[in-house]
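Rule-based calculations on the coordinates, nothing more; no lab input. Predicted model, so just to flag it, every value in this text is computed and none were measured. Every residue, glycine as well, gets a Cβ built from its backbone with ideal geometry; the counts of neighbours run over all protein chains shown.
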Amino acid sequence: MSRVLVSLGSNVDRETNLPEALRALQQHPELTVVDTSCIFESPSVGGDYPPFYNAAVILETELGPDILKAALRGIEAGLGRIRTDDKNSPRQIDLDVVLFDDIEDSEIGIPDPNLSEYSYIAVPAAEVAGDWTVPGRNKTVAEIAKQSLPPSLRKVPMAEQDLNLSSDDAFEEYGPSDETFNPRFEALVREQLEILGEDPDREGVVRTPFRVAKSLAFLTGGYTQSLKEVINNAIFESPDSEMVMLKDIEFYSMCEHHMLPFFGRAHVAYIPDGKVIGVSKLARIVDVFARRMQIQERLSNQVADALMECLSPRGVGVVMEAAHLCMLMRGVQKQNSEMITSALRGSFREDARTRSEFMNLVGHELR
């Protein structure tokens, strides 16, 4: 698990968006919120814009820096953040990785250079990570925060705010009925319930728009990830040239025709040509393409092409087996049917012995 310092800021509906962002971090399946700072108010920088509410959190995660940044961008988008060329324009929420364990990488902006430039990042950060020594700076976060950094901050007294990020019951006043994830999406789901003849205010479904918006954001999270972010430099030189295979990778995807799930197992293999990839990345590559609106045929090819792109191996083989609810629950309603697709590249396509070995390992003999 990696320790991460994240900065939060909002100057659009800040009383709502700041706690909503924290809640989204707490509910993310691959993030654990360890500590939160108090709230500070700061004037906007670079324009005559509303003042910000700022805070900082410590997270623990197994995600790499690039994938984590993509996850934070997804949360921002869920709260309505639209990025523009004006870096200082008002925003519903800003979520920035400030520190990531002991990593120092200027290309991905870690440590965040703004930590030493602006008090609205340094001061909240010092509350939760004061003793954290900043890589490459030979100073702790607390030492940086003690410097005279612009702009001037004001700690927001509890009497002036309706939220307290440091409290376990910080959002009690908002209550579950006021909890939102993506207001626009939730309004569309509510309308859909009405079209179906359901009462969206009925107790059993009153929270359904929120749950649907949140679950679909998770199920289609692949749209906010890229191959580079998923691999995260986990490619290594190796003289090995024998087949590498990972079987029975569980995956879940959404049929693009009916928006119903299909799910099953993927079997992925490749023959290295001077480079190998961390074994867990094979599963992550499957997920990044599965977590999108898909058809199984394209999904199999995308996984194979991704491995060819990042490894340039001698060959790649992908077999996917899945049950499709759009065929089990509706249509022909064949309950025991299973779809099998394959995608073969390089030696897996050109060499019959390699192809046969792969299919035998998968458990599908060629006829």
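In straight-distance terms, cross-link reach from K146 covers every one of the lysines whose alpha-carbon lies under 19 Å from its own, apart from those fewer than eight places away in the same chain; here that gives K155. For the chain, the Cβ-based charge dipole about the Cα centre amounts to some 1180 debye (Lys, Arg positive; Asp, Glu negative; other atoms uncharged). The long axis of helix 119-129 is offset from the longest Cα principal axis of the chain by roughly 70 degrees. The equivalent ellipsoid of segment 5-60 has semi-axes of 23, 11, 9 Å, largest first, where each one is the square root of 5 times an eigenvalue of the Cα gyration tensor.
By the rule of a C-alpha distance below 22 Å, with chain neighbours fewer than 8 residues away ignored, the lysines paired with K228 are K69, K275, K281. The C-alpha atoms of the chain define a longest principal axis, and helix 352-362 lies at about 60 degrees to it.
Note on segment 1-144: Cα-only Rg and Dmax are 14.1, 41 Å.
For segment 79-89, 3J(HN,Hα) computed residue by residue from phi via the Karplus equation (6.51, -1.76, 1.60; θ = phi - 60°) reads 9, x, 5, 10, 7, 10, 6, 7, 5, 9, 5 Hz, glycine and proline entered as x. When a/c is below 1.5 the answer is rounded, else prolate if a/b is larger than b/c, else oblate, so apply that to the chain with a ≥ b ≥ c taken from the square roots of the Cα gyration tensor eigenvalues. In terms of gyration-tensor shape, oblate.
Please say if segment 276-367 is rounded, prolate or oblate, where rounded means a/c under 1.5 for a ≥ b ≥ c the square roots of the C-alpha gyration tensor eigenvalues, and otherwise the choice is prolate for a/b larger than b/c and oblate otherwise? Because a/c hits 1.5 or more and a/b fails to exceed b/c, segment 276-367 counts as oblate.
Over all alpha-carbon pairs in segment 223-284, figure out the percentage whose distance exceeds 20 Å. Cα-Cα pairs in segment 223-284 separated by more than 20 Å: 41 percent.
With 0.36 nm allotted per residue and the present C-alpha distance subtracted, the V206-M339 stretch has 44.2 nm of extension available.
Put simply, the amide H of L153, placed in the peptide plane, has no neighbours under 5 Å, leaving out anything fewer than 5 places away on its chain.
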